[in-house]
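Engineer: Dumping the structure here so I can ask a few things about it.
The values are calculated or read from the model by the stated rules, or taken from the named source; none is laboratory data. Here the structure is a predicted model, which is why all the values come from computation and not from measurement. With ideal geometry, Cβ positions are generated from the backbone for all residues, glycine too; neighbour counts draw on all protein chains shown. Heads up: the accessible areas ignore ligands, DNA and RNA and are worked out on the full protein's heavy atoms, side chains in. Shrake-Rupley method; radii C 1.70, N 1.55, O 1.52, S 1.80 Å.
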Amino acid sequence: MTFKFTKLSIPDVVLIESKKFEDSRGFFAELYQESKFKEFGIDKSVKQINLSKSSKGVLRGLHYQLNPFAQGKIVRVVAGSIFDVAVDLRKNSQFYGKWVGVNLKSENLNMLYIPEGFAHGFEVLSDTAEFEYLCTQVYSPQHERGIRYDDPFLNISWSSKSPVLSEKDLKYPFFKEADTNF
């Protein structure tokens, strides 16, 4: 089996493990195969691929886009390690306002699928990290929104008490005041 799909505590968020085939030359791994992902129910097409590089202590998020430009994402670490978080913004979900987080490392090739209707963020744990996003929708600045990373209602277990943030991320509202349409 090339992929192992594991539903997390919010079952629509899925940890995807890829099998590594190693030998004296290095390794080979499949990172995506449309038919296998569709079999598991991840059937959105990829419309944009993003890559970011950040230093230790950088926290990016919590970001999302409103409908009709809501983005589902398959994310992975290309180099380094991060703590990755998804927050359920879907008002009719039993998990509304809940979050799930996982450590992702480049060494194990694990990925996380985050569907539309979730805010997403991550914190860099290694000296640097390169992070790849496969997005189901293109970036739309007028639909971009965010939530404060340190919202006491969410109570996310970030490792850094004083992360490095963008000015934009510092200005986002708390969860209960966030603009959502999911």
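Engineer: Using θ = phi - 60° and the Karplus relation 6.51 cos²θ - 1.76 cosθ + 1.60, list the HN-Hα couplings for segment 6-12 in order, rounded to whole Hz, with x at every Gly or Pro.
Structural biologist: Result, ordered by residue: 10, 6, 8, 4, 9, x, 6 Hz.
Engineer: Can you pull out the GluC sites (Glu not before Pro) in segment 21-124 whose DSSP state is coil and whose Cβ has at most 16 other Cβ atoms within 10 Å? Kindly include the intermediate steps, with their values, before the conclusion.
Structural biologist: Numbers: sites: Glu22, Glu30, Glu34, Glu39, Glu107, Glu116, Glu123; in loops: Glu30, Glu116.
The qualifying sites are Glu30.
Engineer: Determine the share of the chain's accessible area contributed by carbon and sulfur atoms, expressed in whole percent, with a 1.4 angstrom probe. Intermediate values should be presented prior to the final figure.
Structural biologist: Details: 4680 of 9450 Å².
Here it works out to 50 percent.
Engineer: Next question, about the same structure. Roughly how many Å is it from the Cα centre of segment 54-68 to that of segment 2-32, as a whole number?
Structural biologist: The two parts, judged by their Cα centres, are 23 Å apart.
Engineer: To continue, here is another question. Just how far, in whole angstrom, is segment 87-130 from segment 148-172 if you go by their alpha carbon centroids?
Structural biologist: Taking the Cα centre of each part, segment 148-172 and segment 87-130 sit 14 Å apart.
Engineer: Calculate one ³J(HN,Hα) per residue across segment 100-108 by plugging θ = phi - 60° into the Karplus curve 6.51 cos²θ - 1.76 cosθ + 1.60, and present them in order as whole Hz with x for glycine and proline.
Structural biologist: Per residue, the Karplus-derived 3J(HN,Hα) values read 9, x, 9, 7, 10, 10, 5, 4, 9 Hz.
Engineer: Shape call for segment 62-104 from the C-alpha gyration tensor, a ≥ b ≥ c root eigenvalues: rounded (a/c under 1.5), prolate (a/b greater than b/c) or oblate?
Structural biologist: On the way: a/c = 3.27, a/b = 1.55, b/c = 2.11.
Oblate is the answer for segment 62-104, as a/c is 1.5 or above yet b/c matches or exceeds a/b.
Engineer: In the neighborhood of Tyr96, defined by Cβ-to-Cβ distances under 13 Å, what is the net charge if each Lys or Arg adds +1 and each Asp or Glu adds -1? Could you put the intermediate results ahead of the total?
Structural biologist: Details: positive: Arg90, Lys91, Lys98, Lys176; negative: Asp12, Asp88.
Neighbour charge sum, excluding Tyr96 itself: +2.
Engineer: Related question: Hey, got the dipole for segment 30-182? About the Cα centre, +1 on K and R Cβ, -1 on D and E Cβ, debye to the nearest 20? Let's see the in-between values first.
Structural biologist: On the way: 19 positive and 19 negative charges, 44 e Å.
Result for segment 30-182 is approximately 200 debye, rounded to the nearest 20.
Engineer: Could I ask something else about it? Could you sort out which of Lys56/Lys105; Lys7/Lys56; Lys38/Lys73; Lys7/Lys38; Lys4/Lys105 sit more than 18 Å apart by Cα distance in this structure?
Structural biologist: As for pairs spanning more than 18 Å Cα to Cα, those are Lys7/Lys56.
Engineer: Here is a follow-up. Which option, (i) 16.2; (ii) 16.8; (iii) 19.0, is the value of Kirkwood radius over Cα pairs in Å that was calculated from these coordinates?
Structural biologist: (ii)
Engineer: Now for a different question. Most mobile of Asp88, Asp151, Asp169 per a Gaussian network model of the chain (Cα springs, under 10 Å)?
Structural biologist: Most flexible of the set in this elastic network: Asp151.
Engineer: Longest exposed-loop-site-free stretch of the chain, with trypsin sites (Lys or Arg not before Pro), DSSP loop and at most 15 other Cβ within 10 Å?
Structural biologist: Details: sites that count: Lys19, Arg25, Lys47, Lys91, Lys98, Lys161.
Answer - 99-160.
Engineer: Something else: Using the Cβ atoms and a cut-off under 12 Å, what net charge is assigned to the surroundings of Phe69, where Lys and Arg are +1 and Asp and Glu are -1?
Structural biologist: Working: positive: Lys47, Arg145; negative: Glu116, Glu144.
Here the count lands on 0.
Engineer: Using only helices, what value at 222 nm comes out for the chain when you add -39,500 (n - 2.57) per DSSP H run of length 4 or more and divide by the total residues, to the nearest 500 deg cm²/dmol?
Structural biologist: Here the helix-only value at 222 nm equals -1500 deg cm²/dmol.
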